[in-house]
Amino acid sequence: MLQQFWQNTQFGINHVLDINAYDHVLFLIVLAIPYIFKDGKRILLLVTMFTVGHMLSLILAIFGNVRVDANLVEFLIPLSIFIIAIYNVFTAGKTSKSQKIGLLFVTTLFIGLVHGFGFARAFNMFLEEGDSKVLTLLEFALGIEIAQLIIVFIVLFLGYLFQTVFRFSKRDWMMVVSAIVIGLVIPMLLNNPMF
């Protein structure tokens with residue numbers, strides 16, 4: 001039982017940290033770079049909204065047999081990362097981040113839904129005969145949340161380091177990191193059959 005719990009949780013952790021599917025990491029980077037450690041509660045809620053969206057789409061795919069065109073999902077994932085990175089570029093250095101919290105949470109939930117549909121097929125293949133789908137989903141969600149918090153912590157720590165030790169302004173930090181992410185996402189968009 002404990003071994004199964006750890007296996008499912010580890011599957012969620014590996015899903016986020018998979019070097020071959022780094023889109024999840026890129027999304028978390030662009031989501032977290034506007035924040036610092038004192039914004040921990042807000043960023044935790046955002047990350048959790050993403051996990052909720054991810055789980056909702058898996059539930060719809062597994063229990064409701066909802067299918068979404070794989071090419072569309074594979075296009076929407078890098079597009080969502082690109083849009084948030086561009087948003088960061090245009091809002092870098094502005095102090096209105098604490099406003100429009102509702103829009104950001106809804107957007108993050110939607111992006112979580114898209115990312116979850118992108119993973120639904122692999123998750124179905126992971127399920128073994130006799131596994132409790134609900135329990136497996138919850139354990140998987142725990143793994144996702146753990147991995148996301150690790151990445152967010154690293155991003156916040158690097159932001160702190162660059163803004164205090166290396167004297168980057170918050171604006172410069174957001175601009176540089178967002179530009180790097182945009183550079184990584186553009187080939188993903190261009191290589192997609194939907195483009």
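The values are calculated or read from the model by the stated rules, or taken from the named source; none is laboratory data. Source: prediction; values computed, not measured. Reconstructed Cβ throughout: ideal geometry from the backbone, glycine too, with neighbour counts over all protein chains shown.
Residue selection: PHE11 satisfies the criterion of being part of a helix (DSSP H, G or I), more than 27 Å from MET194 (Cβ to Cβ) and either modelled with pLDDT of 90 or more or not charged (D, E, K, R) (or both). Of everything in segment 47-72 that is polar (S, T, N, Q) and either in a helix (DSSP H, G or I) or within 19 Å of the chain's Cα centre (by Cα) (or both), the residue that is nearest to ILE144 (Cα to Cα) is THR51. When residues in segment 6-64 are screened for being small (Gly, Ala, Ser), in contact (Cβ under 8 Å) with a residue 12 or more places away in the chain and under 23 Å from THR136 (Cα atoms), 4 of them pass.
Residues that are among the hydroxyl-bearing types (Ser, Thr, Tyr) and surrounded by 15 or more Cβ atoms within 10 Å (Cβ to Cβ) were ranked within segment 1-56; the one that is nearest to GLY112 (Cα to Cα) is THR51.
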